[in-house]
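One structure is given below, encoded as structure tokens.
Computed from the coordinates by the stated procedures, all read-outs in this text should not be read as laboratory data. This structure is a prediction, so every number in the text was calculated from the model and none was measured. Cβ placement follows ideal geometry from the backbone for every residue including glycine, while neighbour counts extend to all protein chains displayed.
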Amino acid sequence: MATYAQVRSNATEAQVASLGIDADVLIDTARNTPEDVVVRTEAYLGLGGIGSERLVDVLVGGEFGSEGKGNIAAFLAREYGLLVRVGGPNAGHRVSTLTGTEFTHRHLPSGTRFSDARLLIGPGAVLNVDVLLNEISECGLDIDRLTIDPAAMVISQADIRKERQLVTTIGSTGQGVGTATARRITGRRGGVQLAEDIKALKPFLRPAQDVYAQAYASRTKIMLEGTQGTGLSLFHGSYPHVTSRDTTSAACLSEAGIAPAKVRRVVMVCRTYPIRVQSPTDRTSGPMSQEISWTEVARRSGHNPRTLLKHERGSVSGKTRRVSEFDWVLLRRAATINGATDVALTFADYLDKANEHARRFEQLTIETLRFIEEMERVARAPVTLISTRFHFRSVIDRRSW
């Protein structure tokens, strides 16, 4: 390779420096890396950066998880060009498929089978590699559609073993997510594996920021799907009966690597009767406001209690869920913390089984309409999406966006 001195010996090349008199910008390549030169040149041309357009909608849970975020995400998925998910395999988002069956997403976005959008697992995600690869296979994904950020954390078998005790002491799902997260913080690179260290994941590895840059440049709409619920937040829940991460909209953005300035809407999903995933005879999963029985929910709604008990089991843990009256205090608090612009109400049929047949807002029962009106007053945000039963098509859409 020629040196600068050798290049300058050429009569033509020796005159290059004189071009600086007329140049719009000068960049000293001896004091900048090639990447620096690209970034500075792009900036001068008005390229790159996040821009000012708000392209991201965030979907979060407003209670203790299992709010039905999966079906809401599936319903909305076709409106986006990029679907992003954070969190770990301890959260299962169950969706009803086009064929009428059910599928539980533990890593991939819930809209994977409902749109052709690109998919991204963010750098703050925690991965069970076997679970992820199996899900990729079952969904038939190719390497061009899915991106996994190289910095995502990998769960080890030792992480899972260490969490076995937490299953009985605080109602953990025991998936190793918390232990892996702690190792990432305390271990630095000693014994820590990231996605970039796993050979089977290499075809899918790309920096999330590269994907976002393309999306921003092409004005692609993005949906960021959070997991679990605000009441389980490490910081805002009832410690120690919480999960291993902050579950709020701001935290999801941080884990995904998306700036708050890009957010257009924050959709907070709430169910008519909040649940915690644990056996009804075991209160270790944490406090609830005015706990009731599934028999009482069935009596009020007109559902068969055996049908409710069959469906109301954790997507990952498989345990029967505890249930309580709607928590209005939690609604106000969660809406404030998340900055909710919209509320999605799920399980409207638990208020009255007659709501299963509603296809328009005015077809809901009078009591349900009053319930929704009060939700809007307390949350100070409109209820724009209403799920009337467990099916991605059974969503009443009141949005203006």
Lys pairs, the chain - Cα-Cα below 25 angstrom, 8 or more residues apart or on other chains:
10
Tell me, K221, K310, K262 in order of fewest to most beta-carbon neighbours within 10 Å?
K310, K221, K262
Assigned charges on the beta-carbon of Lys, Arg, Asp, Glu; the chain dipole about Cα centre (debye)
1080 debye
Separation of the Y44 and T220 label points, Cα + 7 Å toward Cβ, nm
2.9 nm
When the helices in the chain are scored as -39500 (n - 2.57) per DSSP H run of 4 or longer and the sum is shared across all residues, what 222 nm value do you end up with, to the nearest 500 deg cm²/dmol?
-8000 deg cm²/dmol
Once phi is turned into ³J(HN,Hα) by the Karplus curve 6.51 cos²θ - 1.76 cosθ + 1.60 with θ = phi - 60°, what whole-Hz value does each residue of the stretch 385-394 show in order, with x for glycine and proline?
9, 9, 8, 9, 5, 7, 6, 5, 8, 8
Starting from 0.36 nm per residue, how many nanometres of slack lie between D142 and V37 once their C-alpha separation is accounted for?
34.4 nm
Taking H as built 1.01 Å from N, whose amide H comes closer than 5 Å to the amide H of R398, not counting residues under 5 places away?
L385, I386
Which order results if T186, T384, T248 are arranged by neighbouring Cβ count within 10 Å, fewest first?
T186, T384, T248
Once you sort the root eigenvalues of the Cα gyration tensor of the stretch 4-45 as a ≥ b ≥ c, which label holds: rounded (a/c under 1.5), prolate (a/b larger than b/c) or oblate (the other case)?
oblate
All other residues with a Cβ under 12 Å from the Cβ of I275 taken together, and with Lys, Arg as +1 and Asp, Glu as -1, what is their net charge?
0
Tell me the label-point distance for the pair L309, T101, using the 7 Å Cα-to-Cβ offset, in nm and rounded to one decimal.
2.8 nm
Hey, fewest Cβ within 10 Å first, where do F235, F103 land in order?
F235, F103
Which of the listed residues, H241, V263, V39, is farthest toward the dipole's positive end in the chain, when Lys, Arg count +1 and Asp, Glu count -1 at the beta-carbon?
H241
